[in-house]
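Derivation of every value follows stated rules applied to the coordinates shown; laboratory data play no part. Source: prediction; values computed, not measured. Here the Cβ positions follow ideal geometry from the backbone for every residue, glycine too, while neighbour counts run over all protein chains shown.
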């Protein structure tokens, strides 16, 4: 079973952000290596000097496009950006981002919730990038969001999952998929998220700014798969003392 | 008349429509993957050729870039 969001199933549980790649060829190679079937894009003013089309890169990679509202600081701007993305890309899916602080890029909870409610009412499938706050996650789910996407740590920080306890609480209560979004630094961070029961991981910088993005994309693919398998397989309990794995019966007397 | 297309002052003939502003922005002329807002309101692609511009309007012509 893959990642199921709003009735759609993706066989990969890794969602790729496309920000930070030095050029579109590097993005294309990383998408291929990641196995992702969903990737974010942003909306910006037309740049006549830009070469190549990110939309075509995603099409060739077999990736569905997930527009985001990056750069929005108010519910009003985020709602308008989502509506523009729906016009441009003919999708009602949106990764909702409403930032409250330009140094940490942490979400603004009240603007986020207000935007989520308005976009759900307008027929959008809303995937909100949210703080790792279990109460806010529940409020977003109650507002009709199709998933919740808590941060592990600030965008691009590579600090991993700073509050695994909160993440566990969010996963435990959620009735919609939980996608860890932001803060992944390396493969083990993605595995930890999946072992904690997250349904998916969304990352960009960890791959796009790695020394070798294509190989890191493959590492992330394997990390997400490994973490999910471990989660589904039921880990052994932690214990204080050793428990022998070799039988204690039949040990020969050698002296 | 003068309008602002993506923040740049632009001289366009009276009575021209959103199509001309999109062309002036350098966006692909088929409009694929492009969205337009005028003074903070979305203008759906189906209405571009019927929507006349007025002097002083701020027209934003947007397309996909890497991000997120």
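In table form, for the structure just shown:
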| quantity | calculated |
| --- | --- |
| Shielding by partners - mean other protein chain Cβ count within 10 Å, residues of B:16-29 | 1 |
| Distance between modelled label sites at residue A:232 and residue A:45, nm, 7 Å Cα→Cβ extension | 4.8 nm |
| Ranking of A:87, A:97 by count of other Cβ atoms within 10 Å, fewest first | A:87, A:97 |
| The protein assembly as shown: Cα Rg divided by the 2.2 N^0.38 Å rule of thumb | 1.16 |
| Principal-axis tilt of helix A:164-173 within chain A, Cα atoms, nearest 10 degrees | 80 degrees |
| Against the rule of thumb 2.2 N^0.38 Å, how large the Cα Rg of region A:139-255 comes out | 1.40 |
| Part-to-part distance (alpha-carbon centres) for region A:69-98 and region A:33-52, which is given in Å | 15 Å |
| Chain A: relative contact order in percent, alpha carbon pairs under 8 Å with at least 6 residues between | 19 percent |
| Region A:176-216 residues near the modelled residue A:245 label - backbone nitrogen below 12 Å, point 7 Å along Cα→Cβ | none |
| Fraction of antiparallel bridges per DSSP, chain A only, in percent to nearest 5 | 15 percent |
| Residue A:211/residue B:23 FRET efficiency (R0 56 Å; Cβ-Cβ; nearest 0.05) | 0.85 |
| Ascending count of other beta-carbon atoms within 10 Å, so fewest first, for A:23, A:241 | A:241, A:23 |
| Stretchable slack from residue A:1 to residue A:254, in nm (0.36 nm times residue separation minus alpha-carbon distance) | 85.9 nm |
